[in-house]
Amino acid sequence: MGNIFNMFMVKEGHKALCKTLREREDWYLAIGDCGNENPWELHEVPPVPDFETKDMLQERGRRRASTIAYVKEDPVGEIGWGSTFWSITTENTMHLYLKFAFSPDEAVDATVRQIGIFLGTKVQDLIPPGQFFLQPQDIKEKGILFWLQNVEPRVFSPFQKETMEYILTF
């Protein structure tokens, strides 16, 4: 029997995991504040989230992903993420692109200090199938918090459409 400490996931395993997650439609981006938990202000470095965190401090709402796609690195790609450019592809990769587009009337005047990506959100039975923005009372099960970021505070304005894009590598 081999030494289990020498095992690692190979590229095809990463691609298979990404494929399974790509097929899911229940990716949501949640926005929230920190409540009374030592709020940080504009131009302050936000604290690093606790690795053991399972939920946001004070969720204001969440939006279902409008785009879920594989991406590949491409020096002339239209998606900029960090210092790398990416293009959407139909080819199975180990990189998943998620785009969340909030309408100007969603989460109006909400102060955002936390952003979280959830997978597996279940909505209340009375929520219509085409409703992609959820307030906390619309959620039956939050799902799994996949990714969490504390950010400098910003306020969602009714005069501006908020679009957030992320690339997750598996």
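Condition first: acidic (Asp, Glu) and either more than 24 Å from Thr111 (Cβ to Cβ) or free of Cβ contacts under 8 Å to residues at least 60 places away in the same chain (or both). Can you find one or more residues in region 49-62 that meet it?
Checking region 49-62: at least one residue is acidic (Asp, Glu) and either more than 24 Å from Thr111 (Cβ to Cβ) or free of Cβ contacts under 8 Å to residues at least 60 places away in the same chain (or both).
Please specify each residue of region 13-42 satisfying the condition of being modelled with pLDDT under 90, within 18 Å of Tyr166 (Cβ to Cβ) and of a type in the set (A, V, I, L, M, F, W, C).
Leu17, Cys18, Leu21
Applying the selection to region 96-119, what residues are modelled with pLDDT of 95 or more and open to solvent by 40 Å² or more (accessible area, probe 1.4 Å)?
If the condition is that a residue be modelled with pLDDT of 95 or more and open to solvent by 40 Å² or more (accessible area, probe 1.4 Å), then Lys99 is the only one that fits.
Does region 145-170 hold any residues that are among the aromatic types (Phe, Trp, Tyr), part of a loop (DSSP other than H, G, I, E, B) and open to solvent by less than 70 Å² (accessible area, probe 1.4 Å), and which are they?
Filtering region 145-170 for residues among the aromatic types (Phe, Trp, Tyr) gives 146-147, 156, 159, 166, 170.
Okay, now just the ones that are also part of a loop (DSSP other than H, G, I, E, B), so 156, 159, 170.
Phe156, Phe170 - these are the residues of region 145-170 that are among the aromatic types (Phe, Trp, Tyr), part of a loop (DSSP other than H, G, I, E, B) and open to solvent by less than 70 Å² (accessible area, probe 1.4 Å).
Cβ-Cβ distance below 8 Å, separation of 6 or more or different chains: which pairs start in region 70-95 with a residue that is farther than 19 Å from Thr163 by Cα and end on one that is aliphatic (A, V, I, L, M) and surrounded by 14 or more Cβ atoms within 10 Å (Cβ to Cβ)?
Thr89/Ala69; Thr89/Val71; Thr93/Val71; Met94/Leu17; His95/Val71; His95/Ile167; His95/Leu168
Could you say whether any residue in region 106-119 is among the hydrophobic types (A, V, I, L, M, F, W, C) and either without any contact (Cβ under 8 Å) to a residue 24 or more places away in the chain or over 29 Å from His43 (Cα atoms) (or both)?
For region 106-119, residues among the hydrophobic types (A, V, I, L, M, F, W, C) and either without any contact (Cβ under 8 Å) to a residue 24 or more places away in the chain or over 29 Å from His43 (Cα atoms) (or both): present.
Is it true that Thr93 is in a loop (DSSP other than H, G, I, E, B) and touching a Lys or Arg at 6+ places or on another chain (Cβ under 7 Å)?
Working: in a loop (DSSP other than H, G, I, E, B): yes; touching a Lys or Arg at 6+ places or on another chain (Cβ under 7 Å): yes.
Against the criterion (in a loop (DSSP other than H, G, I, E, B) and touching a Lys or Arg at 6+ places or on another chain (Cβ under 7 Å)), Thr93 qualifies.
The values are calculated or read from the model by the stated rules, or taken from the named source; none is laboratory data. Just so it is clear, the model here is predicted, and its values are computed rather than measured. Positions of Cβ are backbone-derived with ideal geometry, glycine not excepted, and every protein chain shown enters the neighbour counts. Just so you know, the surface numbers come from the protein's heavy atoms only, side chains and all, with ligands and any DNA or RNA stripped out. Shrake-Rupley method; radii C 1.70, N 1.55, O 1.52, S 1.80 Å.
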